[in-house]
Every structure is written in structure tokens, then in C-alpha cells.
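The values are calculated or read from the model by the stated rules, or taken from the named source; none is laboratory data. None of the values given here were measured: they were computed from a predicted structure. A quick note on method: Cβ atoms are made from the backbone with ideal geometry, for glycine too, and the neighbour counts reach across all protein chains shown. Areas reflect the complete protein model, heavy atoms only, side chains present, ligands, DNA and RNA absent. Shrake-Rupley method; radii C 1.70, N 1.55, O 1.52, S 1.80 Å.
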Amino acid sequence: NESYNKILESLNLVGEILKTAEISSTNGMANMMKEKLNMCVVIESILKNLDYLIKEKNINLQYQRECDPLTIFGDKKLLDLGLTNIFDNAFRYSPNGTVSVSLSQEGNMAKLVLQDNGIGIERSDLKHLFQKFYRGKNAKELDQTQNGLGLFATRKIIEMHKGSIKIESELNKGTKVEVRLPID
């Protein structure tokens, strides 16, 4: 049953996220399995894995990349987990909308930008986004199945990779997420 598999997938993801948060709060760097990663390959793999959600939410996906390869040094499993959450949010909260994804190099950083025209985030919720278990009111209304752990863990993972994440949003107009990771 497909919905049963989705539930199992979600529970598995919650377990992974909790484990990740625990790792990052202790001696995370020691536990990371770092290797050279091509960001283009990482992003395309995430898009392929989330293809079911893109179809389900009827998303118009626009993807542009300026460079190949764009190599970073990181833990593939952790980065997949953290970045997948950002893409999942963009698709989940932009039903019948457009999500544009761009990957480029800016100085010594790989820059990933996701821009959607979805439900957006209330100004009062923006400052709480990276808190554990926090979810914006409109996100809860649209999808009750999520747990508010994603962005908390995502930021931890990106920081473990010496990167940064920034989110700008306007209610009912959409959200822009910018992730920067150092190039190897």
C-alpha cells in the first residue's frame, strides 16, 4: 500500500533527523563520513527521489545550474537529508505552483537557491523556523503530517558543513531559501 509506505518513510525520516540532531549537538564532526561530492549530482538525485511529490502537488519545476562539476567536501547522507527537507518544503507548500532551483558558484561557495510561489510564511513565524518542532500556522493548516523537525536538523547539517542557510518569505507570495556551502 502506497500510503503505508509513505508513513514508514516519514517515520524513518524522523528517526534519521533525530539521530542527526543528536550527532550534531555532540561530536558531530567526528562522526561525519566526508567525501568529495558533486553538488549537481546531489541535487539531481534529490529531485529524482521527490519526483512523486512534484507530480502529486502539480509543481512546475524550473532547474538551472551554471557549473558542473561543483565539488564540495561533505557527508552525502547528511547533506541528502538536510537538503531534501528544503526541497520537500518548497514542493509541499506550493501546490499547483512554480519552484525554481538554481545552483551556481559564488566566490569559494556553492550557492543553492530555491524560490517558490507557495503559501509563504507569516512574518511572526520567520524567526522561529529553525527551532525544534516549530511549524508555522499556515503550514500546519495545509499539511498536518509534518513534525517541525526538518529545518532544525537542516540548519545543523549545513552548519556542520561550514555553510549557511537563509530564508526570506512573504505570506501568500512564496519563500526563498538560500544555502551556501564551501567548495572543496
Checklist entry - Once you list every other residue whose beta carbon is under 11 Å from the beta carbon of GLU106, what net charge do they have if Lys and Arg are +1 and Asp and Glu are -1? => result 0
Item to check | Sulfur and carbon atoms: percent of accessible area, the range 55-133 [1.4 Å] | outcome: 46
Checklist outcome for this item: Label model pair GLU106, LYS173: point-to-point distance (7 angstrom along the Cα→beta-carbon line) in nm is 1.9
Next on the checklist: Binning at 10 angstrom from zero up to the longest distance, how are the C-alpha pair distances of the range 35-121 distributed in percent?
Outcome noted: 17, 50, 28, 5
Next on the checklist: Report, in listed order, any pair from LYS36/LYS173; LYS48/LYS166; LYS127/LYS173; LYS57/LYS162; LYS57/LYS166 with a Cα-Cα distance greater than 28 Å.
Outcome noted: LYS36/LYS173; LYS57/LYS162
